[in-house]
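Read through the structure below, which is laid out as structure tokens, and then see the notes.
The values are calculated or read from the model by the stated rules, or taken from the named source; none is laboratory data. Quantities reported herein were computed from a predicted structural model and do not represent experimental measurements. Because the Cβ atoms are built from the backbone with ideal geometry, glycine has one as well, and the counts that use them run over all protein chains shown.
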Amino acid sequence: MIKTALSKAPDTAEAIADLARQLAGGSPSLVVLFFSSRHDGAAIAALASATWPQSRTIGCSTAGEIIAGEMTDGAVVAMAIDQAVADEVAVAVIDDLAKEGCVDTALAALGAMANGDPETHVGIVLIDGMSGKEEAVMERLGDLSDLRFIGGSAGDDLAFQATTVIAEGRAMHHAAVLAVLHVPAGFRIVKTQSFCRTGKTLTPTRVDPENRLVIEFDHQPASVAYMAAVGTETIEQAAGKFMSNPVGLMNGDDPYVRSPQAFDGQALKFYCAVTPGMDLELLESTDIVTDTGKALADANADGRVIGILNFNCILRTLELKAKDLTGDYARLFTVPMAGFSTYGEADIGHINQTATMIAFVG
Amino acid sequence: MAGQVLRMIDKLVEARAKGNATVASTTRTKLLLKGIKVTNWTATSPDDPEMIAKIREVAKEMGVAI
């Protein structure tokens with residue numbers, strides 16, 4: 001069984017008690033909490049560990065919380081995954097994302113679970129969303145393990161100051177949390193982004209990956225090339241196209257979206273690093289609610305999905321809010337779902353303007 | 001000589017996937033994200049020393065002997 005709960009109680013202790021009441025009755029092996037940065041992360045971590053002492057507890061701060069039926073701000077959501085669904089859970093922490101070998105050490109701490117059968121083991125990864133280390137973490141995880149690690153970058157309600165990840169009673173900054181679940185009945189991965197191809201290609205020819213900057217596309221200043229691609233005459237007009245016209249590294253027809261953040265002089269800063277020489281296709285936005293609904297229907301065509309963890313990009317949330325569609329989006333989920341609005345999504349790599357989900361089957 | 005890049009990619013993917021089609025697919029995606037577009041290389045592609053070196057480096061990172 002998978003249960004989810006939402007609490008809007010402003011007092012942290014009251015919110016955790018509220019969640020505990022709603023989640024009572026099961027024997028969860030894992031409780032995952034996503035909380036607004038209005039709550040103190042250390043208090044959430046300590047209270048969660050004390051409230052569910054028989055369970056592993058992990059989570060992170062958000063840029064908005066999501067539960068089936070509602071998208072919120074300033075709240076806490078939780079998912080309790082029962083032992084019948086995940087009969088074994090391993091948790092490890094990367095305390096300092098800047099430390100060399102940190103991913104290797106954390107993965108070793110997960111033990112044999114990190115190299116379990118990829119059909120029945122799935123990973124969760126929650127990373128400090130202000131660290132800028134997501135690409136390195138995901139690449140190294142992929143080097144060392146064949147498991148899918150799905151997750152997101154913690155948020156802080158759009159303050160862009162400090163985000164928090166929690167595990168086993170501890171709250172941490174500049175850190176990441178890894179969990180591996182053994183789910184005998186299996187799982188499905190949903191990766192959905194709402195864009196179509198335009199046929200226009202931009203190839204980064206000069207980049208600064210540490211700062212997620214593209215200095216040149218096709219040997220032209222990045223700003224000039226992007227403006228030409230989106231058909232605008234000024235930088236201001238082009239900046240207005242960022243959300244509807246990101247670029248994608250195409251894996252067949254499946255884009256790994258890289259979203260522009262801002263012009264930095266003649267360069268273009270992205271929300272994730274891009275690789276020089278790899279063609280990026282200009283994308284055009286489509287309908288998030290329709291596309292997500294189709295992805296969910298495909299994932300649950302046999303009706304076996306019993307719960308979903310959802311890592312939804314903050315840029316998608318902002319678009320849904322601007323179009324007054326948050327309710328429509330949240331109501332697409334007909335099984336227990338908990339998630340949050342992220343500062344970046346994880347599935348094989350670090351991506352933007354995407355929702356990555358783990359759909360547990362029963 | 002031609003086709004060495006494709007042979008190295010195939011060997012890397014096979015070594016990692018051990019017959020698991022899902023792992024083979026995700027390994028190819030990992031290569032794409034590392035800057036190796038698998039579909040660009042065929043049995044007749046010229047041997048590109050730069051790409052060959054890159055694949056050797058990636059294989060080492062992934063713990064695969066090719």
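How many residues, within segment A:133-173, are out of contact with any His (no Cβ under 7 Å at 6 or more places or on another chain) and either acidic (D, E) or at pLDDT below 95 (or both)?
Going through segment A:133-173 one residue at a time, the tally reaches 6.
Could you pull out the residue among A:R170, A:R140 that is within 14 Å of another protein chain (Cβ to nearest Cβ), among the charged types (D, E, K, R) and more than 15 Å from the chain's Cα centre (by Cα)? Let's see the steps before the verdict.
On the way: A:R170 fails: within 14 Å of another protein chain (Cβ to nearest Cβ).
Unique residue meeting the criteria: A:R140.
Output the number of residues of segment A:141-190 satisfying the condition of being surrounded by fewer than 19 Cβ atoms within 10 Å (Cβ to Cβ), farther than 17 Å from A:V31 by Cα and basic (K, R).
Selection size over segment A:141-190: 1.
Somewhere in segment A:237-246, is a residue surrounded by 21 or more Cβ atoms within 10 Å (Cβ to Cβ), in contact (Cβ under 8 Å) with a residue 40 or more places away in the chain, within 18 Å of A:V207 (Cα to Cα) and within 27 Å of the chain's Cα centre (by Cα)? Show your work before the answer.
Start the filter on segment A:237-246 by keeping residues that are surrounded by 21 or more Cβ atoms within 10 Å (Cβ to Cβ), which leaves A:238, A:245-246.
Now drop any that are not in contact (Cβ under 8 Å) with a residue 40 or more places away in the chain, which leaves A:245-246.
Okay, now just the ones that are also within 18 Å of A:V207 (Cα to Cα), so A:246.
Retained after the next criterion (residues that are within 27 Å of the chain's Cα centre (by Cα)): A:246.
Yes, the conditions are met somewhere in segment A:237-246.
Between A:D95, A:D87, which is in the same structural domain as A:I308 (by TED's automatic domain parsing), surrounded by fewer than 22 Cβ atoms within 10 Å (Cβ to Cβ) and within 20 Å of the chain's Cα centre (by Cα)?
On the way: A:D87 fails: within 20 Å of the chain's Cα centre (by Cα).
Criteria check complete, one pass: A:D95.
Being in a strand (DSSP E or B) and either loosely packed, with under 15 Cβ neighbours inside 10 Å or among the β-branched types (V, I, T) (or both) narrows it down to one of A:T232, A:T198, so name that one. First the steps, then the outcome.
Details: A:T232 fails: in a strand (DSSP E or B).
Result of the check over A:T232, A:T198: A:T198.
Name every residue in segment A:143-161 that is touching a helix residue (DSSP H, G or I) at 6+ places or on another chain (Cβ under 8 Å), within 13 Å of another protein chain (Cβ to nearest Cβ) and not in a loop (DSSP other than H, G, I, E, B), in order of residue number.
Within segment A:143-161, the subset touching a helix residue (DSSP H, G or I) at 6+ places or on another chain (Cβ under 8 Å) is A:143-149, A:153, A:155, A:158.
From the residues that got through so far, the ones that are within 13 Å of another protein chain (Cβ to nearest Cβ) too are A:143-149.
Across segment A:143-161, the qualifying residues are A:D143, A:L144, A:F149.
Could you check segment A:247-282 and list, in sequence order, the residues that are within 12 Å of chain B (Cβ to nearest Cβ), among the charged types (D, E, K, R) and assigned to a strand (DSSP E or B)?
A:D254, A:R258
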